[in-house]
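Read-outs: derived from the displayed coordinates by stated rules, not from any lab. In this text the structure is predicted, and so the values were computed from the model without any measurement. Every residue, glycine as well, gets a Cβ built from its backbone with ideal geometry; the counts of neighbours run over all protein chains shown.
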Amino acid sequence: MEYRGFSLDRFQEEAFRAIDAHRSLIVAAPTGSGKTVIAEYAIEKAVAVSRPVIYTAPIKALSNQKFRDFSERFPGKVGIVTGDVSLNPDAPVLIMTTEIYRNSLFESPDRVAHAQYVIFDEIHFLSDIERGTVWEESILFAPAESRLLCLSATVSNLEDLAGWIREVRGEALDVILEKTRSVPLRHIFYLRGKGILSWEELKSAAKQKEHPRHRHRQKQKRHKQQIDTALPHLVKNHHLPCLYFAFNRRRCEELAFYYRRLDLLTNEERSRLTDLFDRLAAKFGTARSAEAARMRSLVERGISFHHAGLLPTTKEIVEQCFASGLVKLLFATETFAMGVNMPARAVVFDNLVKFDGVQIDFIPSRDFQQMAGRAGRRGKDKTGFVYATLEWRDLDPPEIRRSVFSEPEGVESQFNLSYTSILSLYARLGAGLFDTVQRSFGVYQARRAEPRERERLAKTWMDELKGKLAVLRKLGYLDDGHATKKGEFARKVSGHELVASELYWRGFWHALDADALNVLAVAVVTEPKKNEWNAPPPPEAIPSKWKTVRMVQDLRHLETRHGVRLPVHEIFYDSAAAVYAWSRGSLFEQLSQYTSQDPGDLVRAFRQAIQLLRQLREAIPREDPLGPILKEAETKMNRDEVDAERLLRS
């Protein structure tokens, strides 16, 4: 079977036939094997019969990329709605973050009710500790008339996931699994201080060093990594272009500037690449920024770096330069593997261990395969090369084997209804809300476990739900089995519903001018990183700081008393000086006077605050005097580098 001039693989043909039969399906295949073609076909079929289709993605970078790709493919028919972007929202092909889709199911069901297909990209994100519950809720409450197209990297419990979806939706669902890559991978190990090793040599080296049988990798101070990499070997063997993954932003930059000594371009390539860079920088209005100048000094050598701390415009320029094939060496954090479909001939791991927020440990097999899967360009390379770099202290063959060669970990339920979901569902289901727990993926999985384990899990979630209901009743969001005015308000402010709503009903938002209101909005939505420097803000920027901090602490104590496991986030005013300066018209580059935060982190915080301001404006009564102040605050925040729509409009 051919599609748009390409010969389809077996798994793609199977998926096309399922879509032709208007069936729901899960497609699991290695990274880079062509799952997006299946999404395109589902969209094409829906457009042909004038039916809407919804595409959801876990991260905004992926949503933005799909908006551009699908807009080229289906001109004038594509819209995007994320927290900070709304372009052509009534389009028949609508791209959303999964959170926006879940919220729409509750708040504006007509908007999503008639979709022929709902496409869940990266559905294995259901395992994400903080956000996985959103996927579960979206599947549980997706309209019966919509079919589901779930795209996933390979997972070990695919049939489990499929069985659960069939049960809760009461419909047939095809499972299409592909384990073979179109471009096979060759794994190469590089031991610092030793060089390239085969698997047998690596096991032999492990025996040479003292190696306790049970080593615990507690959080510990590790020595700075050396600039000792496989790159000279890789360049010598012409394994370029290369995507080099390092798990630390500063490490990405350090390596990029160190290897600037390698000149990887011909004069003709250099001319084409710098011309592309300059045109993009001019287009996005960043040609004179210090960040662009630093990046250009690398790009002219065929090298670049990419991480979440960069301005969105700089990331976009780097991505387009890498996509051109002229950037030969890109140093990136792991988010690049998930967000951007840009393969290379080789992938290098700077390390196989990373700090996961709790301890230092080997990376999960699923993460390794997602990143390694970027090696090998279809139609260009016969083999993709994957270099795994190791330190002597990490020579632990069983652990290395688990990361590199094992079956990817299964998807695990993270079901945990938010206050918004509880309020929305309580209005519809009343006490039947507790049945939702019984329909969760976690309880479905637990049926295969001991009865005692199933009971324990169900009881844990029931207790959590009871605790959250008690908190909502205590604070006046629920009364006599229905949502009160406060409850209806909170339903429209998802993500930070309890804190934002309490601030509203206690008069805090009303007491502030637009600039101080922006400071408070950022304080609600962000959490500072360690070792950041922030200037003290002027007193007028934080008139209600201690009262709001105490209010949130009281909320957290109330939740703890009622057994809520994950209480609301604390409120942090660390960025106040930078937010206040930005709100009052400061240039973005001037914000470095007020904070050491990376530009990309500031932009993300400001955009999250804008999303909150918009939600508040939609939730308040039309005659509320707070409305114009919220609008003024949003206008002050949403400009220049922070304006998320600017990139997509240009």
Self-check item: Dimensions (Å) - the range 415-474, Cα atoms, principal axes, largest first
Solution: 35, 20, 16
Practice problem: Kindly state, to the nearest 0.05, the FRET efficiency for Glu107 paired with Arg456, given R0 = 41 Å and r defined as their beta-carbon distance. | Solution: 0.75
Quiz item: Within a Cβ distance under 11 Å of Val564, other residues only, what is the Lys/Arg minus Asp/Glu net charge?
Solution: +2
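Run through every distinct alpha carbon pair of the range 1-142 and return the Kirkwood hydrodynamic radius in angstroms, one decimal place.
It works out to 15.5 Å.
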Practice problem: Find the eigenvalues of the gyration tensor of the Cα atoms of the chain, then list the square roots of 5 times those eigenvalues as equivalent ellipsoid semi-axes, largest first, in whole angstrom. | Solution: 39, 31, 27
Self-check item: Ellipsoid equivalent to the range 473-544 - semi-axes via the Cα gyration tensor, in Å
Solution: 29, 15, 9
Practice problem: Sort His114, His233, His306 so the one with the fewest other Cβ atoms within 10 Å of its own Cβ comes first. | Solution: His114, His233, His306
Practice problem: Based on other C-beta atoms within 10 Å, arrange Arg622, Arg402 from fewest to most. | Solution: Arg622, Arg402
Quiz item: Label point 7 Å out from Ala172 along Cα-to-Cβ: which residues of the range 50-74 have amide N under 20 Å?
Solution: none
Self-check item: Unsatisfied cross-links (Cα-Cα over 27 Å) in the set Lys209/Lys529; Lys466/Lys492; Lys194/Lys529
Solution: Lys209/Lys529; Lys194/Lys529
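Please arrange Phe16, Phe606, Phe385, Phe336 by counting, for each residue, the other beta carbons lying within 10 Å of its beta carbon, fewest first.
Phe16, Phe385, Phe336, Phe606
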Quiz item: FRET efficiency for Thr383 and Arg294, Cβ-Cβ distance as r, R0 = 25 Å, nearest 0.05?
Solution: 0.15
